[in-house]
Amino acid sequence: MADSIPDRMHALVLHEYREEIADAIDSLKVEQRPVPALNRGQVLVRIEAAPCNPSDLLLLQGKYGSLKTLPAVPGWEGAGTVVASGGGPLAWWLKDKRVACGQHEDRDGTWAEYVVANAAECIPLKRQLGMEQAGSLIINPLTAIGLLETARRGGHRAAVHTAGASQLGRMLVAMAAELNYPIINVVRREAQVELLKSLGAAHVLNSSDEDFVNRLGAIAAKLQATAAFEAIGGDMTGTLFNVLPEGATVYVYGALSEEACDNIDPIELIFHGKTVTGFYLGAWLQKRGSFEVLRAASRAQKMLIDGRIKTKVQRTVSLEEAVDGLRQYVDHMTDGKLLIMPHTGQALATT
């Protein structure tokens with residue numbers, strides 16, 4: 001198999017961080033780059049599917065917590081087949097196996113034909129799991145598992161989630177139901193209310209309704225919902241913080257509004273034992289260690305195979321179609337993921 005690995009590959013390359021997302025997407029170019037060399041403990045993965053997540057968009061804008069030295073290939077996660085090993089027992093064992101992998105370091109990501117991954121961070125895929133679902137195995141499913149575990153270990157009897165209609169939000173509905181853990185799902189449109197109810201969500205609130213804050217406070221008090229999974233930022237963070245019961249913790253894990261967390265009442269902070277903290281999947285994974293991460297990933301794979309959770313894909317694109325696909329995706333993110341499949345489509349022109 002190693003003989004079939006080319007010296008060069010096609011990749012989607014970012015040359016400049018730009019604050020406006022449309023400008024950032026337009027700065028992406030399909031180029032040829034050398035297939036990267038491997039160090040011991042690393043593997044080369046032939047990428048079959050790599051999604052665009054909100055965290056990828058933040059990277060393009062230069063707003064993510066850890067950036068890459070440009071020019072660089074974006075893409076935080078993906079799935080494919082290990083085609084080469086840099087040496088070491090685990091890396092050799094993974095050879096020719098299908099894996100999901102993440103790329104959080106300062107090197108090229110998954111929006112390319114090949115990517116280097118640390119063998120210890122690869123997740124072997126179950127035979128029944130197709131590549132389209134495997135491509136998004138890490139960020140959303142494991143974040144949902146991590147948020148629920150964090151809230152339950154923190155003694156919170158119920159939680160609020162502010163991106164209820166997102167792909168992650170839909171997974172939370174299913175995972176929380178299996179744990180018999182109440183979730184108050186917050187959405188922005190009435191159609192999203194009906195969508196989540198059709199998925200079995202018991203508590204769904206529309207933040208656009210005039211009585212949203214009062215209803216949220218009443219349901220949170222009834223369920224003793226003292227945890228909030230906050231993906232929006234801006235005023236929403238403070239709204240949650242101020243209305244939730246005493247001792248509440250707001251776990252900020254996203255920044256969809258691209259606004260600073262705001263509107264926090266200092267009286268609630270001082271006198272009612274409330275806190276605001278961050279949840280970062282990378283840190284959660286590091287604390288859990290390899291065995292616990294593999295166990296969580298195994299649970300997610302089983303749920304995907306059984307159809308209990310699913311990543312909805314609105315469009316699959318080749319590398320040459322990716323820029324057009326990304327332009328469409330940013331305006332229709334709740335319709336599903338954009339999935340980049342580098343080895344599909346017509347042959348790309350060299351640059």
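The values are calculated or read from the model by the stated rules, or taken from the named source; none is laboratory data. Remember, it's a predicted structure, so these values are computed and weren't measured experimentally. Note: ideal-geometry Cβ built from the backbone for every residue, glycine included; neighbour counts use all protein chains shown. For accessibility, only protein heavy atoms count, side chains too; no ligands or nucleic acids. Shrake-Rupley method; radii C 1.70, N 1.55, O 1.52, S 1.80 Å.
Things to note:
- Theoretical FRET efficiency, 1/(1+(r/R0)^6), r = Cβ-Cβ of Val330 and Tyr280, R0 35 Å, to 0.05: 0.95
- Integer Hz, Karplus 6.51/-1.76/1.60 couplings in order for region 160-171, x for Gly and Pro: 10, 10, 8, 10, x, 8, 5, 4, 5, x, 5, 5
- Alpha-carbon centroid distance for the pair region 280-346 / region 3-56, whole angstrom: 16
- Under 5 Å from the amide H of Ala163 lie the amide H atoms of Val186, Ala231, each residue being 5 or more positions distant or on a separate chain, with H modelled from the backbone and absent for Pro and chain starts.
- Stokes-Einstein D for region 1-147, Kirkwood Rh over Cα pairs, 20 °C, 1.002 mPa s (µm²/s): 138
- Heavy-atom accessible area for Tyr280, with the other protein chains in place and a 1.4 Å probe, reaches approximately 110 Å².
- Candidate cross-link partners of Lys126 among the lysines, defined by an alpha-carbon separation under 16 Å and a same-chain spacing of 8 or more, comprise Lys95, Lys97, Lys302, Lys310.
- Stretch gain in nm, segment Ala221-Arg107, where the contour uses 0.36 nm per residue and the Cα spacing is subtracted: 36.4 nm
- Computed from the C-beta positions of Ile5 and Glu259 and an R0 of 41 Å, the FRET efficiency is 0.35 to the nearest 0.05.
- Accessible carbon and sulfur surface of the chain relative to its total accessible area, %, 1.4 Å: 50
- When only Cα pairs below 8 angstrom with a gap of at least 6 residues are kept, the chain shows a relative contact order of 17 percent.
- Counting only DSSP H runs of at least 4 residues, each contributing -39500 (n - 2.57), and dividing by the residue count of the chain, the helix-based mean residue ellipticity at 222 nm comes to -10000 deg cm²/dmol.
- Rounded accessible area per residue of the chain, 1.4 Å, Å²: 44
- In region 1-82, trypsin sites (Lys or Arg not before Pro) in a DSSP loop with at most 16 other beta-carbon atoms within 10 Å: Arg18, Arg40, Lys63
- Under a 5 Å amide H cut-off, with hydrogens placed 1.01 Å from N, Val252 pairs with Glu230, Thr277, Gly278, Phe279 among residues at least 5 apart or on other chains.
- Residue-by-residue Karplus 3J(HN,Hα) for region 324-333, coefficients 6.51, -1.76, 1.60, Hz, glycine and proline x: 4, x, 5, 4, 6, 4, 5, 9, 9, 5
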